[in-house]
1. Once amide H atoms are built 1.01 Å from N in the peptide plane, which residues 5 or more positions from residue 117, or in another chain, come under 5 Å H to H?
2. How charged is the neighbourhood of residue 104? Take every other residue with its Cβ under 9 Å from the Cβ of residue 104, and add Lys/Arg as +1 and Asp/Glu as -1.
3. Taking the Cβ of residue 40 as the center, what net charge do the other residues with Cβ under 15 Å away carry, scoring Lys and Arg +1 and Asp and Glu -1?
4. Can you tell me how much longer the chain between residue 5 and residue 104 gets when fully stretched, taken as 0.36 nm per residue apart minus their C-alpha distance, in nm with one decimal?
5. Once you place label points 7 Å from the Cα toward the Cβ at residue 26 and residue 135, how far apart are they in nm?
6. Could you tell me which chymotrypsin sites (Phe, Trp or Tyr not before Pro) in region 6-65 are loop residues by DSSP with no more than 13 other beta carbons within 10 angstrom of their beta carbon?
7. Can you check what the net charge comes to around residue 123, using other residues whose Cβ is under 11 Å from the Cβ of residue 123 (Lys, Arg +1; Asp, Glu -1)?
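No value in this document is a laboratory result; all are computed from the given coordinates. Source: prediction; values computed, not measured. Note that we place each Cβ from the backbone using ideal geometry, even for glycine, and neighbour counts take in every protein chain shown.
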Amino acid sequence: MGLENLYEQYADMLYRVSFSLLQNKADAEDAVMDVFERYLRARKRFVSSEHEKAWLLKVAVNRCRDLLRKKKFRLYTPLEEVTSLPAEEQTVFDFSAILSLPQEQKEVILLYYFEDMKVEEIGEVLSASTSAVKMRLVRARESLRERLGDEYEIRLK
């Protein structure tokens, strides 16, 4: 698959994940560009498109973690940026509650509910066991229930 096709297929997903983790439009865009730069340099051969997708997501999550760790971006996100997300990215519950979760919980919630990934796929992307991913999901759901109450209950798959 050519780089242009790859970009068209995965750029939006990588941006959503990066923006959700970094909470900053410019940094999310930079993270996505870094992912594709790394893809060009790696020249990896992938077994399947799912393997390629998992690799891209793993690189994006790791890049976001690096940025968060190094604090190379501002921690403030203007409300306009959050509310200017496309309609399909907006949710019926308070998205800020998800963003306030600990990093590990936030990652699994975003990948599971917003990117519709399976627990096994999330484990591969985050380099975590299936049971660790499941436990992070349980803890994240509990935290969200405490913060949002029953009226914003996340519907389980």
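1. 112
2. Taking every other residue near residue 104 into account, the sum is +2.
3. Value of the local net charge: +2.
4. 32.6 nm
5. Between residue 26 and residue 135, the simple spin-label model gives 4.0 nm.
6. Passing both the DSSP loop test and the Cβ count: 46.
7. +1
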